[in-house]
Amino acid sequence: MSHPTVPPTPRGGTDRPDATTGAPSLWRPAQGRLHSWDISTGVDGPGTRFVAFLSGCPLRCLYCQNPDTWHMRDGTATTAGAVMRQAEAFAAFVRTTHGGMTVSGGEPLLQPAFTRALFTGAKELGLHTALDTSGALGARADDTLLDLTDLVLLDIKSWREQRYHDLTGGHIAPTLAFARRLADRGTPVWVRYVLVPGLTDDPVDVDAVAGFAAGLGNVERVDVLPFHRLGAAKYDRLGIPFPLHDTPPPDSGLFNRVRDTFRAAGLHTY
């Protein structure tokens, strides 16, 4: 996914009153680091979305397409009010498509207070909210943030601990704990599963992820995302070797087999 739009620079007036209550919008001065923003349709949640890409991520997924979001320093310092002024320009159109606002990354839960402020602003604009996360930092999402979250796009990258660690440098347990917490809350989830030949196509792993997702009761759909190498040029620009430079995308047979596994578990797949 590309992140083409330059983030906004903070401006004055970040505590302007809420249009409905007249009270100061105290969330507006909340500070964070934004990589970029974009408008997308059918990719980052339902409808057309204003997508804020935050900087910083604790994982180093071998197939990551956006190494330029790994570090907090990669982003621009801004405020929630400045970001929401950009979103407000698209709010009316976004609402007509039954879309909303998605906070992505990087990893948005590396900046939970900033994410919470953005969702507060989105709710003031009457926008549906979606959190795009690996779940690795799910414990940082407090109940207030989750109360503001209409949908979680949850990346379950693998199942077995060693494979997950080899793939991401992290651990699967926090993601699974976060998924169970969302299920207990009844928060809708779209599971995302990146299909990489030789890494995430093991039938044992796929079956396990499918069974886990089906058992949660709050998973509305599973997006099987074929691996691609479109981000390789970013690695070249940054002088970082792309670990999967020679890995091909999955062929249609493999893609259909994995998607059918999720369907056999009773899940809607795309």
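The values are calculated or read from the model by the stated rules, or taken from the named source; none is laboratory data. For clarity, every value in this text was computed on a predicted model and none was experimentally measured. Virtual Cβ from ideal backbone geometry, glycine too; neighbours counted across all protein chains shown.
Does P197 satisfy the criteria of being within 15 Å of the chain's Cα centre (by Cα), surrounded by fewer than 18 Cβ atoms within 10 Å (Cβ to Cβ) and not aliphatic (A, V, I, L, M)?
Taking the combined requirement at face value, the residue does not satisfy it.
Could you grab me the full set of residues in region 152-173 that are buried (at least 18 other Cβ atoms within 10 Å of the Cβ) and either free of Cβ contacts under 8 Å to residues at least 40 places away in the same chain or among the polar types (S, T, N, Q) (or both)?
Of everything in region 152-173, those that are buried (at least 18 other Cβ atoms within 10 Å of the Cβ) and either free of Cβ contacts under 8 Å to residues at least 40 places away in the same chain or among the polar types (S, T, N, Q) (or both) turn out to be V152, L154, D155, S158, Y164, T168, I172.
Say whether the condition of being under 30 Å from P243 (Cβ atoms), among the basic types (K, R) and either touching a residue at least 12 places away in the same chain (Cβ under 8 Å) or touching a Gly at 6+ places or on another chain (Cβ under 6 Å) (or both) is met by at least one residue in region 39-55.
Looking for residues that are under 30 Å from P243 (Cβ atoms), among the basic types (K, R) and either touching a residue at least 12 places away in the same chain (Cβ under 8 Å) or touching a Gly at 6+ places or on another chain (Cβ under 6 Å) (or both), one finds at least one in region 39-55, hence yes.
Mind checking which residues of region 94-114 are over 22 Å from P226 (Cα atoms) and either of a type outside the set (A, V, I, L, M, F, W, C) or modelled with pLDDT under 95 (or both)?
Selection gives R95, T96, T97, H98, G99, G100, P108, Q111, P112.
With respect to T115, is the statement that it is among the β-branched types (V, I, T) and under 12 Å from the mean Cα position of the chain (by Cα) true?
Yes.
Restricting to region 111-151, and then to whatever is basic (K, R) and free of Cβ contacts under 8 Å to residues at least 40 places away in the same chain, can you tell me which residue is farthest from H171 (Cα to Cα)?
Filtering first and then ranking leaves K123.
Sort out which residues of region 206-254 are among the aliphatic types (A, V, I, L, M), under 21 Å from Y164 (Cβ atoms) and more than 19 Å from the chain's Cα centre (by Cα), and write them in order of number.
V206, A208, A210, A214, L216, L244, L254
In region 27-43, is there at least one residue being modelled with pLDDT under 95, of a type outside the set (K, R), under 20 Å from L151 (Cα atoms) and not in a strand (DSSP E or B)?
Yes; the residues of region 27-43 include at least one that is modelled with pLDDT under 95, of a type outside the set (K, R), under 20 Å from L151 (Cα atoms) and not in a strand (DSSP E or B).
Looking only at region 71-87, how many residues end up being over 13 Å from G32 (Cα atoms) and either touching a helix residue (DSSP H, G or I) at 6+ places or on another chain (Cβ under 8 Å) or buried (at least 22 other Cβ atoms within 10 Å of the Cβ) (or both)?
The total comes to 1.
Taking the condition of being under 25 Å from L151 (Cα atoms), of a type outside the set (A, V, I, L, M, F, W, C) and surrounded by 17 or more Cβ atoms within 10 Å (Cβ to Cβ), how many residues in region 222-231 meet it?
1
Residue check: is A265 modelled with pLDDT under 95 and either exposed (fewer than 13 other Cβ atoms within 10 Å of the Cβ) or out of contact with any Ser or Thr (no Cβ under 8 Å at 6 or more places or on another chain) (or both)?
No; evaluated as a whole, the condition is false for this residue.
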